[in-house]
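As structure tokens, the structure follows; a few thoughts come after it.
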Amino acid sequence: MTRPDYTAAQDAFGHWGVDTEAALDRLARIPISVHCWQGDDVVGFEGVTAGSGGGIQATGNYPGRARTPDELRADLEFAYANIPGKHRLNLHASYLDSDETPERDALEYKHFAPWVDWAKENGLGLDFNPTFFAHPKADDNLTLSHPDKGIRDFWIRHGEICREIAARIGTEMGSPCVNNIWVPDGYKDIPVGRMAARERLEASLDAMLAKQFDKAQLLDAVESKLFGLGVEACTVGSHEFYLGYAIRKNTLLCLDMGHFHPTENIADKLSAVALSVDEILLHVSRPMRWDSDHVILLNDDILAMAQELVFGDLLGRTHIGLDFFDATISRTAAWVVGTRNMQKALLRALLQPVEMLQAKEAELNFSDRFILTEELKDLPYGAVWKTFCERQSVPSGVTLLNTLNTYQASVADRK
């Protein structure tokens with residue numbers, strides 16, 4: 001039975017030439033790669049004492065943190081059951097599921113096979129990341145650019161192994177595994193020179209990426225950063241460094257919304273870099289003062305990002321992933337609400353009269369463009385979203401609130 005408010009919404013959007021059914025069909029086919037590390041505060045399951053490097057910090061002590069792979073998978077299953085559509089999981093190398101405790105340069109596919117089996121059972125895609133932080137050999141906030149060749153070689157081996165694992169995952173899943181490379185390298189205070197560190201980073205990346213893989217199995221991405229804790233003065237892998245590298249080496253470029261200055265418009269970068277790279281990886285988060293990775297809101301930044309993806313016809317070339325972690329609230333609620341906010345933003349963009357707006361802009365009729373963009377804000381997007389949730393058999397509104405709270409109560413005794 002069709003909701004009366006949805007029928008009214010169809011008429012309202014139809015007045016502007018927008019087909020709500022086409023928008024819902026498109027939204028259902030956009031996968032979002034949900035990040036595993038929100039569920040346990042970026043701790044991982046290596047079974048050894050890690051170092052502190054990388055400037056990674058999850059604050060808060062809300063009850064319910066996942067302590068084992070099984071607990072994390074149970075939390076993820078609950079989260080996916082409350083997120084409409086079919087999605088992916090973004091797995092870090094520190095989240096192996098094994099009784100063994102290999103060093104990071106000795107990881108094997110078998111240490112992640114349980115994740116692959118689980119993903120297949122749940123109809124999910126899988127993405128991967130080498131873990132270049134939280135390790136004694138990263139305590140100087142230098143890895144692939146470290147002056148010590150032995151340390152660089154260790155991390156190069158880790159990266160090579162992770163690419164092998166990711167390619168095997170892609171083969172097993174029948175879907176390309178996006179393998180995202182981010183390193184924390186940088187300096188807390190002003191270095192006397194930056195060139196040497198960047199030359200070392202480039203050479204290490206070249207060695208790590210030397211082996212060629214079928215893109216049906218593996219898609220490598222490189223991720224930049226402006227600054228973070230402990231690297232306030234210089235980040236070796238800056239945006240300019242990785243933009244040039246991705247163009248020269250034909251990798252994906254990862255744009256993390258938390259890795260730029262809070263006043264920068266990341267949506268603006270999409271069309272700019274899309275002219276030079278074939279595919280883009282997005283890490284969607286919400287910075288506050290610095291790369292603090294707050295749970296994303298349905299705010300102007302997210303709406304602008306989604307609109308640029310739709311209006312620039314970039315959805316087919318962009319892999320959307322999430323990257324936030326907040327230990328002050330329910331971790332499963334953060335996953336569910338954050339992912340749904342990304343979907344809501346995409347839906348709003350898909351419900352725009354794109355051709356009409358673009359025609360006004362091409363005519364330089366900025367008055368009509370202004371009037372239209374403001375009038376369109378009053379359309380009943382919520383009714384369309386509720387219908388999407390109902391068709392996907394997931395709750396919304398008060399029912400969602402109660403569902404999230406009930407699950408949180410069931411895991412609150414985890415210590």
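Structural remarks
- Tallying residues that are of a type in the set (A, V, I, L, M, F, W, C), without any contact (Cβ under 8 Å) to a residue 60 or more places away in the chain and within 18 Å of residue 103 (Cα to Cα) within the stretch 164-180 yields 1.
- For residue 333, the conditions (1) exposed (fewer than 15 other Cβ atoms within 10 Å of the Cβ); (2) at pLDDT 95 or above; (3) not aromatic (Phe, Trp, Tyr) all hold with the exception of (1).
- Every listed requirement among (1) buried (at least 19 other Cβ atoms within 10 Å of the Cβ); (2) of a type in the set (Lys, Arg); (3) in a loop (DSSP other than H, G, I, E, B) is met by residue 200 save one, (3).
- Checklist (1) surrounded by 18 or more Cβ atoms within 10 Å (Cβ to Cβ); (2) out of contact with any Pro (no Cβ under 9 Å at 6 or more places or on another chain) applied to residue 69, failing item: (2)
- Exclusive hit being among the charged types (D, E, K, R), at pLDDT 95 or above, in contact with a strand residue (DSSP E or B) (Cβ under 7 Å, 6 or more places away or on another chain) and under 30 Å from residue 143 (Cα atoms), set 88, 65, 104: 88
- Qualifying positions in the stretch 130-163 - without any contact (Cβ under 8 Å) to a residue 40 or more places away in the chain and surrounded by fewer than 17 Cβ atoms within 10 Å (Cβ to Cβ): 148, 149, 150, 153
- Among the residues of the stretch 79-118, those identified as among the basic types (Lys, Arg) and not in a loop (DSSP other than H, G, I, E, B) are 88, 104, 110.
- Output for the stretch 78-129, where each listed residue is charged (D, E, K, R), out of contact with any Asp or Glu (no Cβ under 7 Å at 6 or more places or on another chain) and in contact (Cβ under 8 Å) with a residue 12 or more places away in the chain: 86, 97, 104, 105, 108, 110, 120, 127
Here is a yes/no grid of residues against (1) part of a helix (DSSP H, G or I); (2) in contact with a Ser or Thr (Cβ under 8 Å, 6 or more places away or on another chain); (3) closer than 26 Å to residue 218 by Cβ:
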position	(1), (2), (3)
287	no, no, no
304	yes, no, no
309	yes, yes, yes
319	no, yes, yes
324	no, yes, yes
327	no, yes, no
332	yes, no, no
348	yes, no, no
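- When residues of the stretch 359-392 are limited to those that are in contact (Cβ under 8 Å) with a residue 40 or more places away in the chain and of a type in the set (S, T, N, Q), the one farthest from residue 87 (Cα to Cα): 387
- When the test is whether a residue is surrounded by fewer than 21 Cβ atoms within 10 Å (Cβ to Cβ), outside any loop (DSSP other than H, G, I, E, B) and within 15 Å of the chain's Cα centre (by Cα), residue 271 does not pass it.
So that you can scan it fast, the table gives a plain yes or no per residue for (1) out of contact with any helix residue (DSSP H, G or I) (no Cβ under 8 Å at 6 or more places or on another chain); (2) of a type in the set (D, E, K, R); (3) over 30 Å from residue 72 (Cβ atoms); (4) surrounded by fewer than 12 Cβ atoms within 10 Å (Cβ to Cβ):
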{"site": "342", "(1), (2), (3), (4)": "no, no, no, no"}
{"site": "345", "(1), (2), (3), (4)": "no, no, no, no"}
{"site": "350", "(1), (2), (3), (4)": "no, no, yes, no"}
{"site": "353", "(1), (2), (3), (4)": "no, no, yes, no"}
{"site": "360", "(1), (2), (3), (4)": "no, yes, yes, no"}
{"site": "367", "(1), (2), (3), (4)": "yes, no, yes, yes"}
{"site": "377", "(1), (2), (3), (4)": "yes, yes, yes, yes"}
{"site": "396", "(1), (2), (3), (4)": "no, no, no, no"}
{"site": "411", "(1), (2), (3), (4)": "no, no, no, no"}
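The values are calculated or read from the model by the stated rules, or taken from the named source; none is laboratory data. Please read all numbers here as calculations on a predicted model, not as lab measurements. A quick note on method: Cβ atoms are made from the backbone with ideal geometry, for glycine too, and the neighbour counts reach across all protein chains shown.
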